[in-house]
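Enquirer: Quick one: structure below, then a few questions.
Bear in mind that the values in this text are calculations on the coordinates, not laboratory data. Because the structure is predicted, anything quoted here is derived from the model rather than measured. Here the Cβ positions follow ideal geometry from the backbone for every residue, glycine too, while neighbour counts run over all protein chains shown.
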Amino acid sequence: MLAVTKITSDTCPPGFDSHEPRRLAALRAYGILDTPPEPEFDDIAQMAAQACDAPMAHINFIDADRQWIKAAVGHTAREMPLGFGFCTQTLAEDGILVLPNLKQEPELASNPLVTGEPHLRFYAGVPLITPDGWAIGTLCVLDREPRTLTEQQEFILKALARTVMAQLESRRSAAALRAREAELRLVADAMPVLIGFIDRSLTYRFANAAYRTWTGRGPEEVVGRTIAEVLSTGESKARLPQIERALAAEEVRFELDWACPDGQVRVADIRYMPRFAADGAVDGFYVFVHDVSDRKRVETLLQSRASRLEAQVASQARDRDRIWTLSPVLKVVAALDGHIEGVNPSWTRALGWSEAETMGRKIPDFVSADEREAFITALSRLALAVPVEDTEVSFVTRDGGLRRVLWTFVPEDGVLYGFGRDITEQRQAEDALRQSQKLEAIGQLTGGVAHDFNNLLTIIRSSVEFLRRPDLTEDRRRRYLNAVSDTVDRAAKLTSQLLAFARRQTLKPEVFEVSERLRAIADMLDSVTGARIRVITDLPGEHCYVRADASQFETALVNIAVNARDAMDGEGKLTLHLDAGTSMPPIRGHASASGSFVAVSITDTGTGIAQADLARIFEPFFTTKEVGKGTGLGLSQVIGFAKQSGGDVDVRSSLGRGTTFILYLPQVAPPGAVGLIAVERMEVTAGEASLRILVVEDNLEVGRFCTQILEDLGHSPVWTQNAEAALAAVEESASDFDAVFSDVVMPGMGGIELARKLRANYPHLPVVLTSGYSHVLAQDDAHGFEVVRKPYSADELARVLRRAVKNGHPR
């Protein structure tokens with residue numbers, strides 16, 4: 001029995017502020033102090049004691065000068081000094097406070113409850129926290145023997161502490177009461193212990209999910225029935241003496257062999273705990289049934305084996321308890337090197353491999369071949385006590401199929417415990433949804449491309465038809481030629497935007513200083529946005545650098561600025577802000593990125609973007625503008641450029657309050673003494689010597705047209721239709737050629753492979769590449785060679801060839 005003494009200042013523990021007014025106000029707001037016992041709180045204390053297999057438990061509240069006990073199991077004390085007990089220490093804990101042996105705690109060994117009755121040795125308590133974060137009391141369990149709690153018991157104790165607070169909140173509203181009852185049911189159903197309540201008419205009024213394991217009937221089939229209806233006639237009659245003792249206010253405990261529906265005979269530890277009504281009468285009794293089969297087996301083994309085997313037997317018993325817990329989760333127990341020592345039935349149900357076929361093999365033996373190496377690496381990190389995130393991997397079933405399993409592995413005491421959740425059907429549904437979304441996006445993209453290119457082709461075709469007229473005046477001929485040239489430029493720009501959206505454009509990354517580039521762009525934006533929009537720059541004093549395509553960087557900012565101008569209807573404020581050395585947060589569901597980033601923010605004072613449109617603004621051809629006022633590809637170029645450059649774009653907006661686009665790009669170190677952003681420029685001068693150019697182009701029309709251009713420029717082209725023929729021509733006489741001009745994408749050997757071979761064998765023979773699009777160029781710039789991007793002009797081709805010949809080698 002716990003002793004109670006008067007409160008003095010000497011009994012208040014050091015550092016405990018008993019007069020903290022806000023915490024005390026939170027406690028007293030519940031009106032719980034000095035109230036009579038209530039079954040709801042008594043039940044929770046009983047459940048805590050039973051779940052933790054402890055002889056004592058209580059729920060107490062920490063007042064200004066005392067610990068007041070609302071419900072208790074194993075003692076009748078209603079209050080004690082602040083210095084007695086250990087609950088005031090629990091108030092400072094974020095979670096559970098477990099003191100396995102109070103005698104070994106220097107500050108607690110002299111506590112009266114340790115040195116005298118009831119000679120406590122073990123304490124575990126959880127703070128009772130209000131929704132506002134105030135710790136007002138504890139739920140604790142106590143024992144006279146040193147011990148500890150299992151993870152499951154700690155979970156249950158924490159859950160019951162939350163249930164105490166739910167009960168307090170239920171005093172204020174019926175909704176809180178229902179939440180508490182739901183949590184009680186959840187806690188009870190999560191426990192492997194059978195829990196029930198039977199009233200004086202021997203009718204079940206409560207039953208948890210474990211009844212299905214023990215009786216073959218779920219809670220819905222048990223509640224409302226009598227003992228005789230749930231158990232067999234013989235069983236119900238055999239238990240009548242114990243039932244009568246429980247209804248006579250006696251706690252009853254006994255063991256028996258219980259034949260379960262699955263055919264197993266389990267040793268059941270049964271407890272009948274009387275429940276007292278408000279008037280003190282027994283209105284029924286609780287039923288608690290523990291499966292102690294493994295414990296009985298261990299006790300038998302311990303009696304016959306020497307002390308050398310005791311630890312091994314206990315470990316095996318713990319392993320069997322964990323593995324064979326009834327659960328849909330796949331469970332495996334293995335050595336740290338992956339050798340399997342046990343699996344549960346869910347393993348066999350999901351994968352088809354029996355326990356006999358599994359034992360002795362390694363976990364990676366069941367992993368698909370293409371994922372096995374990464375899985376082995378993860379297991380080796382666990383063996384070295386390096387934390388590993390949950391692992392999703394494909395396991396091979398006995399019939400040769402694959403099941404997708406999400407695994408959590410926990411190393412403990414030299415043993416590896418694995419918990420797997422079969423998510424095969426979930427992933428299949430997600431893949432089907434993604435495929436459907438891809439098909440829809442392809443349809444939208446194809447339609448948009450066809451629409452815009454048909455418009456451009458209409459202009460070209462109409463202009464060409466007029467150009468064929470013999471009576472066309474020179475002024476009109478020049479106008480139609482300009483229309484064709486301008487339309488080709490627009491088509492090239494549309495193609496560039498599509499490649500940017502697809503993150504396949506060929507970039508020209510260079511290291512440049514962002515602040516300097518933003519100042520130049522701000523001046524340009526003044527003319528883009530108009531006189532009624534004020535462009536403001538907010539830039540840091542220090543320099544910061546990125547490595548990206550400077551032209552695409554400027555294009556991205558101009559695209560955002562044009563959208564902002566339209567959103568402000570030509571009047572407002574546009575602010576460019578720069579943050580250096582920042583991190584990139586999670587964006588649109590993607591994880592955050594490590595490393596240092598530059599964040600360029602463009603904020604407008606426009607109408608904002610509706611939340612329904614925010615998720616779609618980067619889709620190709622999606623636009624909220626009127627027909628004819630935008631292609632819907634501007635923001636697609638922005639996100640394509642950002643992603644391909646290793647960054648991303650975030651958007652924050654609300655209707656009527658403007659929009660902020662934040663462009664994230666990886667920050668790099670400043671360039672060295674040799675400038676990386678200077679671009680060599682050469683102009684074609686008249687009277688330069690004719691060049692002999694080897695042209696490599698597989699397309700017949702393009703090859704003819706290219707040789708015609710070179711001839712018109714005064715050069716002597718030699719045309720081959722594949723890389724193999726070009727190599728043969730050079731090998732025959734390399735000195736005959738001043739330069740090689742090759743397409744990148746060709747059947748057989750590609751242009752880049754050809755260029756590398758020529759550079760290795762003929763280092764002084766310049767090679768210039770050309771391509772309208774190549775995924776190889778998109779991934780790695782130009783691989784060290786000059787590149788002319790299609791469509792190209794005659795002047796541009798002449799300038800690049802002259803520069804390559806002058807340098808005498810690839811750049």
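Enquirer: Can you give the Rg/Rh ratio of the stretch 9-182, where Rg is from the C-alpha atoms and Rh is the Kirkwood radius? Walk me through the intermediate numbers first.
Expert: Working: Rg = 15.1 Å, Rh = 16.1 Å.
Ratio of gyration radius to Kirkwood radius: 0.94.
Enquirer: Give me the one-decimal Kirkwood hydrodynamic radius in Å for the stretch 697-773, with the sum taken over alpha-carbon pairs. Numbers along the way, then the final one.
Expert: Numbers: mean 1/r = 0.0787 Å⁻¹.
Radius from the Kirkwood sum: 12.7 Å.
Enquirer: Just subtract the alpha-carbon distance of residue 711 and residue 378 from 0.36 nm times their residue separation and send over the number in nm, one decimal. Please list the in-between numbers first.
Expert: On the way: separation 333, 0.36 × 333 = 119.88 nm, distance 6.24 nm.
Extra length available between residue 711 and residue 378 comes to 113.6 nm.
Enquirer: Looking at the stretch 509-668 only, what percent of DSSP beta bridges run antiparallel? Nearest 5 please. Each step should come with its number before you reach the end.
Expert: Numbers: 30 of 36 bridges.
Within the stretch 509-668, antiparallel bridges account for around 85 percent of the total.
Enquirer: Hey, another quick one. Give, as a single signed number, the net charge of other residues whose beta carbon lies under 9 Å from the beta carbon of residue 660, with Lys and Arg counted +1 and Asp and Glu -1. Before the final figure, lay out each step's value.
Expert: Numbers: positive: 652; negative: 604, 650.
Summing Lys and Arg as +1 and Asp and Glu as -1 gives -1.
Enquirer: For the stretch 253-304, take every pair of Cα atoms, bin their distances at 10 Å starting from 0, and report each bin as a whole percent.
Expert: 22, 35, 25, 14, 4, 0
Enquirer: Taking 8 Å as the Cα distance limit and 6 or more residues as the minimum spacing, I'd like the relative contact order of the stretch 192-291 as a percentage.
Expert: Numbers: 195 pairs, mean separation 28.7, N = 100.
After rounding, I find 29 percent.
Enquirer: Subtract the Cα-Cα distance of residue 355 and residue 371 from 0.36 nm times their separation in residues, and report this length gain in nm to one decimal. Write out the running numbers ahead of the final one.
Expert: Numbers: separation 16, 0.36 × 16 = 5.76 nm, distance 2.33 nm.
Between residue 355 and residue 371, full extension yields 3.4 nm more.
Enquirer: Turning to a different aspect of this structure: Quick check on my link table: of 643/757; 643/806; 237/331; 103/158; 643/790; 70/296, which ones sit more than 28 Å apart, alpha carbon to alpha carbon? List each step's numbers first, then the result.
Expert: Numbers: 643/757 32 Å; 643/806 36 Å; 237/331 40 Å; 103/158 25 Å; 643/790 23 Å; 70/296 36 Å.
Those over the limit are 643/757; 643/806; 237/331; 70/296.
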